[in-house]
Amino acid sequence: MKFVYPVELLNFENTLHSHSHFAILGWLYNALYIAIVYTYVRDPLKQKKYNILFWITQVSIIGMLLTFAWQGYAAYSITFSTMHILCSYAFIFFVLKDIFVIKKETLSLKFIYAALFFLFLSSLGPWGLVVVVIQGLGGTDLYKQVIYFYLHFQYNGWFVFAVVGLWLKYFEDHGAKYKEGAASISFHLLFFATLGAYFLSLLGFNIPSSLKFVGIACAFLQLNGIRYLYILLFKNEVKIFQNAGKLPQLFFRFSFFMLFIKFLMQLVSALPKIGDAAFISREVTIGFIHLVMLGVISAGVLGWLTMNNLLNSQNKLLMYGSYIFLASFMVSEMLLFYPALVLWFGISGIADYVSYLFYLSIGMLTGIILIFISSLNRSNLPNNLP
């Protein structure tokens, strides 16, 4: 909006920080928090501590929304950010304590454990930033690399593994059977590849060739890992979704396909010259982040909600909103990655480029509003809602 209808009252950088923190933590973190507690902690007595912690977490999130917009990275916003990190530690402790009693370690549970591990690992990034700034290195390559550390293990680790774990749990609860060998290979390939894939985020920096090789090798391992995951999930897909309706299956397939595209793009980004666009073009970077946050995680969460009847997949508003959101997202992704084609092939740009992105953002917002309104009509929900 800033580039289409400039608003002088808003500081762009501060508003951007506010948007990113609120979108990541206010929507995705909260959604996964609720989904994991709903799935694994059914005892009302045990849920009480999560309810209290949830509302404390909301204070930190609202605080970040307001203070980042007001002052950017400064005392108050950092205080609320620290508060959220401490809340996430409490969440990890509570969940691990409650699910350790589960005797059988299923494939889905492995992914949830890994997700919580990556949530903790990513939190080391903000602490590292404090050290870097104290050393007077703010704005340096090291400062940026620490930020990438946080982002990588947030959305490639915590978010992705949590969503996949929730999918697998739903499949397991509905009779899906996995071959233990393929299940073990899939998990370990994806887990260890995610650790090393951090170096893919650093290819735009001057890092040792050995670390570049580790990143590229892990990009190949991720693709092999998702191949095994595809075999595990889609072998059971028809049986799982035969009574669930078309919308849950659409969200699931869409999210999985976007996950494959994410891994493929990480590999492509490692190729000489081709990957340079990711580090030169701001639009390409935003496109990749949106691919993960909206295409993989948001679609995956919405799929999980419809699978579990927490959103009524037969609701017309939900259906229309979902189609509008997904269609607007897809076209916006094409536009965001278009600058890469300009850099690679020297083709001409698109006139009124930012205006089209703005209108597509309105399309996504419209879809989200319809989805939200559909969730308010509780009378439309099936009678078997837990």
Return yes or no: is Phe199 assigned to a helix (DSSP H, G or I), at pLDDT 95 or above and within 30 Å of Lys144 (Cβ to Cβ)?
no
Does Phe260 count as under 22 Å from Tyr323 (Cα atoms), among the hydrophobic types (A, V, I, L, M, F, W, C), at pLDDT 90 or above and out of contact with any Pro (no Cβ under 9 Å at 6 or more places or on another chain)?
yes
Does at least one position in the stretch 267-275 carry a residue that is in contact with a Lys or Arg (Cβ under 9 Å, 6 or more places away or on another chain), at pLDDT below 90 and crowded, with 20+ Cβ neighbours inside 10 Å?
yes
Failed condition for Lys177, given (1) surrounded by 21 or more Cβ atoms within 10 Å (Cβ to Cβ); (2) modelled with pLDDT under 85, with all others met?
(1)
Hey, could you check the stretch 307-332 for residues that are of a type outside the set (A, V, I, L, M, F, W, C), touching a Leu at 6+ places or on another chain (Cβ under 7 Å) and buried (at least 20 other Cβ atoms within 10 Å of the Cβ) and say which is farthest from His174 (Cα to Cα)?
Ser332
Only one of Tyr89, Tyr73, Tyr143 is aromatic (Phe, Trp, Tyr) and at pLDDT 90 or above; which?
Tyr89
Boolean, Phe12 is modelled with pLDDT under 95 and touching a Lys or Arg at 6+ places or on another chain (Cβ under 6 Å)
yes
Being modelled with pLDDT of 90 or more and among the polar types (S, T, N, Q) is the requirement here; does Ser355 meet it?
no
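The values are calculated or read from the model by the stated rules, or taken from the named source; none is laboratory data. All values reported here derive from a predicted model rather than from experimental measurement. Don't worry about glycine lacking a Cβ; one is built from the backbone with ideal geometry, like all the others, and counts go over all protein chains shown.
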